[in-house]
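The values are calculated or read from the model by the stated rules, or taken from the named source; none is laboratory data. Predicted model only: the values in this text are computed from it and were never measured. So basically every Cβ, Gly included, is an ideal-geometry build from the backbone, and we count neighbours across all protein chains shown. Side chains are part of the model used for accessible areas, which takes the heavy atoms of the whole protein and leaves out ligands, DNA and RNA. Shrake-Rupley method; radii C 1.70, N 1.55, O 1.52, S 1.80 Å.
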Amino acid sequence: MKLGSPPPPMSSGDPLRPPPPCPHLAGYRSNAHGLSKPFRSLQRCLRARPPGRAEIRRDPHEIPRCGPCSPSPSSRLYACLACAAVSCPSHAPAHAAARPGHEIAVDVDRAELFCCACRDQVYDRDFDAAVVLAQNIPSSSSASPPSGCLRKRRRVDYRPWTPGPVERAVVGKGSSPLPFPGGSELPQGLRGLNNLGNTCFMNSVLQALLHTPPLRNYFLSDRHNRYVCQQNGRKKRGGNADGGESRVCLACDLDAMYSAVFSDERLPYSPARFLYSWWQHASNLASYEQQDAHEFFISMLDGIHEKVDEHKPASPGNEECCIAHRVFSGILRSDVTCTICGFTSTTYDPCVDISLDLDSNHSSIKVASSKSHASNGETQSISGSQNFDISTLRGCLERFTRPERLGSDQKFFCQHCQVRQESLKQMSIRKLPLVTCFHIKRFEHSSIRKMSRKVDRYLQFPFSLDMAPYSSSSILRSRFGNRMFAFDGDESDESTEFASEFELFAVVTHSGKLDAGHYVTFLRLNNLWYKCDDAWITHVSENIVRASQAYMLFYVQKKLYYKASEHVAPS
C-alpha cells in the first residue's frame with residue numbers, strides 16, 4: 001500500500017517508516033485532470049450500503065461490468081478516474097499502459113483508490129475525507145452532540161512537582177498530618193459501615209464511591225466544604241441562621257463521611273445522616289426494605305447533581321457540571337441505519353453508567369466460591385466449587401456495540417425514503433468518563449409471565465481493560481473501512497492512546513435470590529484486595545474477587561491528563 005499525500009507525523013520513537021508515495025497518484029494530482037472535479041462527480045455517484053460502507057454507482061440499480069470480460073462477472077472492478085472505464089484486475093493494467101494519465105482508478109464496491117500501474121492500493125487523505133463527507137451529508141444527525149463536552153480539548157502531560165522552601169513552610173504552618181493508627185493492617189480510609197436495616201445496598205455503593213480516586217481527591221482537597229455550602233444555603237433562604245428546615249445536600253453528607261472515614265477512628269461508621277438525606281431526596285424509596293444497589297447509585301448521583309450545581313448549566317456533559325458527572329459522565333452514540341437506502345440517523349445521549357446484558361456463551365468453568373452469612377451476630381462461612389455458565393465482560397461489550405436488526409414493530413421513519421423502514425441499530429461510546437461503571441443486568445423481568453428472576457451466570461472480568469475497540473472512532477473505522485480521515489472521537493494527541501486504558505478498583509457483588517440477597521464490595525487499595533461486608537473488612541485474594549458474582553464494576557483510567565488552562569498568564 002502506498003500513500004498519495006504526506007502521512008501524519010509519527011512519534012520519534014516509532015521505528016516504522018511510511019511507504020514511498022505513489023508517483024502516478026502524485027502526477028495525477030498535478031496534471032490537468034486534478035482530483036477536485038472527479039471528486040465532485042464521485043460524490044454524486046457515492047451510495048451508502050448498510051451498515052454504512054460506500055460504493056460507486058451512477059445509478060442505484062446499475063450492475064457494473066468489465067468491458068473486455070462482459071458479460072462474465074468479476075469479483076473486483078475498478079473505474080478509471082480519468083474516463084470512467086470499468087475494468088477487472090486483469091485488464092486494468094493494460095488500460096493504464098495504453099493511456100498515460102489513466103493509472104488511478106477507484107474500487108467500485110469499496111470506494112478505495114487503486115493504482116493500476118503499481119497494482120497496489122493507494123491512500124489519499126483528501127479522497128478519504130471526501131468519501132466520508134459524502135457519506136455523512138445524508139446522515140444528518142437527528143440530535144447533535146452536546147457542544148460543551150465534545151469539543152477538542154488540548155491536553156498536557158502530568159509534570160511532577162516538589163514543594164520549595166516557601167511552599168513547605170506554608171504547608172507545615174497551615175496543616176497537620178493525619179495520625180496513622182498503630183497496629184492496624186488496613187490502609188488509611190478503609191472503614192466498615194454499619195447496616196442500619198437492609199442497607200447493604202447503600203453500604204456497598206458508598207464503599208466504592210469513597211475510594212473512587214477522582215471523587216476521593218475532590219472531597220479530601222476541600223473542594224466541597226459543607227460549612228460553606230450550608231452558609232450559602234442559609235443566605236438563599238433569607239439569612240435565617242438557625243431557624244427553618246436545613247437544606248438537604250447529599251454532597252455535604254458525603255463530605256462529612258469522607259472526613260469521618262479518613263480519620264484515625266477505626267470503629268464502623270453509621271451513615272444514618274446520609275441515609276436520611278437520601279430518603280428526603282428519593283421519598284419513593286424511603287423504607288427499610290432491600291433496594292437495588294444500581295438504582296441507589298443513579299439516584300445518589302442525581303441528588304448530588306441537583307443540589308450542588310443549581311446555579312450551573314444542567315447538562316451532565318458540561319465540563320463545569322457537578323463533580324459526580326465530571327467523574328462518571330460519558331456519552332453514548334446511537335446509529336440507526338436504513339437497510340434500504342443506507343440513511344443513518346445519529347443521536348447522542350449522556351450516561352453515568354453502561355448497562356450490559358450477559359452474553360450468551362454456553363461454555364462452563366469450575367470456580368471456587370466463598371460466601372458468608374450473618375445471622376444473629378454470628379458469621380458462618382461456606383466454601384466449595386461449582387460449575388457455572390460463563391460470560392465475559394469483553395463479550396458483553398462486543399454484544400453492546402454489535403449492530404442489531406430492529407424488529408418489524410420497531411421500524412423507524414427514514415428521512416430519505418420518507419416512510420418507515422427496517423433498520424440496523426449500533427451503539428458505541430462517544431466519550432469515555434474518568435471512571436466507568438458497568439452495570440450487569442442480573443435481574444430479568446418478564447411482562448408476559450409476570451415474574452422476575454435473577455441470572456446467576458458467572459461473569460469473567462479483567463483487572464485491566466482497553467476500551468478503544470468499543471469507542472465511536474473504532475466502530476466508525478470498521479464501518480467505513482480503511483480511511484485516513486479523522487473520524488468522530490479521534491484525537492491527534494498521543495494521550496488518547498492511554499485514555500482508553502482502565503484499571504479495576506471496585507466490584508459490587510450480589511449473592512442470594514432476587515428478593516432476599518446481600519450486597520458486598522471488593523476494593524483494591526495498594527494492589528491488595530479487601531472485602532467490605534457492611535461493618536466487616538477483611539483481606540482477600542484475587543481468586544476470591546474473580547469468583548464473585550459481579551453486579552457493578554468500577555474502572556478508572558490508568559493515566560489521567562490535566563486540561564490545559566484557558567487563562568494562561570503572559571510570560
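Brief remarks follow.
- Full-extension gain in nm, E295 to S75, via 0.36 nm per residue minus C-alpha separation: 73.9 nm
- Full-extension gain in nm, D126 to E501, via 0.36 nm per residue minus C-alpha separation: 131.9 nm
- Simple label model, 7 Å out from Cα along Cβ direction - M451 to A260, nm: 4.2
- Pairwise label distance in nanometres, E444 with R273, each label 7 Å out on the Cα-Cβ vector: 4.5
- Once the C-beta distance of R65 and I340 is scaled by a Förster radius of 22 Å, the resulting FRET efficiency is 0.35 to the nearest 0.05.
- Residue-level accessible surface for F400, protein heavy atoms, 1.4 Å, Å²: 50
- Placing pseudo-labels 7 Å out from each Cα toward the beta carbon at S283 and V228 gives an inter-label distance of 3.2 nm.
- Remark: the V171-H539 segment gains 129.1 nm on full extension, using 0.36 nm per residue and subtracting the alpha carbon distance.
- List W536, W279, ordered by accessible area with a 1.4 Å probe, largest first: W536, W279
- R0 of 30 Å, Cβ-Cβ distance R57-Q418: FRET efficiency to nearest 0.05: 0.90
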